[in-house]
Each structure stands twice: as structure tokens, then as C-alpha cells.
Amino acid sequence: MATVHQLISTDKAPAALGPYSQAVVANGFIFCSGSVGINPTTGAVADGVKNQTLQVFANLRAILTAANSSFSKVVKTTVFLKDMNDFAVVNEIYQEQMGGALPARACIEAARLPKDVLVEMECIATV
């Protein structure tokens with residue numbers, strides 16, 4: 001069976017940093033690429049893990065909205081942290097921003113993330 005893919009792009013989130021899409025819709029799911037704390041208007045990376053995490057959620061919200069989805073439809077997330085000592089701060093913001101949704105999740109400490117950010121997150125949601 002052939003799969004029809006729809007590429008998702010919005011100027012309300014930073015453009016992809018390489019040869020990939022912000023997200024792809026296929027078979028009723030949206031697969032969001034990893035998002036970092038870059039402000040889409042200024043191109044600047046937010047200061048500190050709290051502000052970067054808030055910007056990550058703003059960016060993913062914009063991408064999900066562009067695909068007619070939302071955090072309430074997220075079924076899986078992967079969070080990448082530069083330092084696992086930031087887990088508590090990121091987890092608190094995650095809980096607030098997800099609005100009660102409890103998708104499956106993995107959280108991984110990564111040696112280095114794009115643009116030397118402190119946090120990156122990807123997600124899969126239904127549309």
C-alpha cells in the first residue's frame with residue numbers, strides 16, 4: 001500500500017537546520033523533527049534551559065497547529081538534554097505545556113545538540 005506524505009512547514013517555527021522537513025504527515029500521524037529553542041523571528045537561541053524549553057514548546061505547537069494537530073494528540077515524544085541535571089526543570093515545563101496529556105516518552109542525555117542548545121524535543125501525534 002502506498003503512503004501519501006505531506007510536508008509541513010510554517011514560518012511560525014524555525015526553518016529546518018538541514019535537508020529535512022519541520023514535520024511530515026503520513027497515514028494519519030504527524031512526525032515532528034527535533035525542535036530546539038530558536039526564536040523563529042530573530043533566529044536567536046533563547047537563554048537558559050527554562051527559556052529554551054518554553055521556545056521548543058512554542059515551536060512544536062506552531063508545527064502541530066500547521067498540521068491541524070495539537071499537544072493533546074501527541075502519542076510519543078523524545079527529549080534530548082545536554083545535561084540530565086536539567087531534567088527537573090524541563091519536566092516541570094513539559095508537564096505544564098502538555099496540558100495533562102501523557103504520551104509515551106524517552107529522555108536522553110546527548111553529548112552535543114544542534115547550535116549547542118540545552119534541550120531538543122521531537123514528537124509524533126495524530127492529525
Tell me whether region 79-93 contains one or more residues that are within 21 Å of ALA23 (Cα to Cα), at pLDDT 95 or above and not hydrophobic (A, V, I, L, M, F, W, C).
no
If you scan region 45-65, which residues turn out to be surrounded by fewer than 18 Cβ atoms within 10 Å (Cβ to Cβ), more than 13 Å from the chain's Cα centre (by Cα) and touching a residue at least 12 places away in the same chain (Cβ under 8 Å)?
GLY48, LYS50, ASN51
Select from region 27-47 the residues that are closer than 14 Å to ASN68 by Cβ and among the hydrophobic types (A, V, I, L, M, F, W, C) and list them in ascending order.
PHE29, ILE30, CYS32
Quick one: in region 16-25, of everything that is in contact with a Ser or Thr (Cβ under 8 Å, 6 or more places away or on another chain) and either in a loop (DSSP other than H, G, I, E, B) or modelled with pLDDT under 95 (or both), which residue is surrounded by the fewest Cβ atoms within 10 Å (Cβ to Cβ)?
TYR20
Condition check for VAL75: outside any strand (DSSP E or B), modelled with pLDDT of 95 or more and of a type in the set (A, V, I, L, M):
no
Quick one: PHE87 ticks every box in (1) within 20 Å of THR126 (Cβ to Cβ); (2) more than 14 Å from the chain's Cα centre (by Cα); (3) surrounded by 15 or more Cβ atoms within 10 Å (Cβ to Cβ); (4) not charged (D, E, K, R) except a single one, so which number is it?
(1)
SER33 - would you say it is under 24 Å from ALA104 (Cα atoms) and either aliphatic (A, V, I, L, M) or not in a strand (DSSP E or B) (or both)?
no
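The values are calculated or read from the model by the stated rules, or taken from the named source; none is laboratory data. On a predicted model such as this, the values are computed, not experimentally measured, just so you know. Cβ: placed from backbone, ideal geometry, glycine included. Neighbour counts: every protein chain shown.
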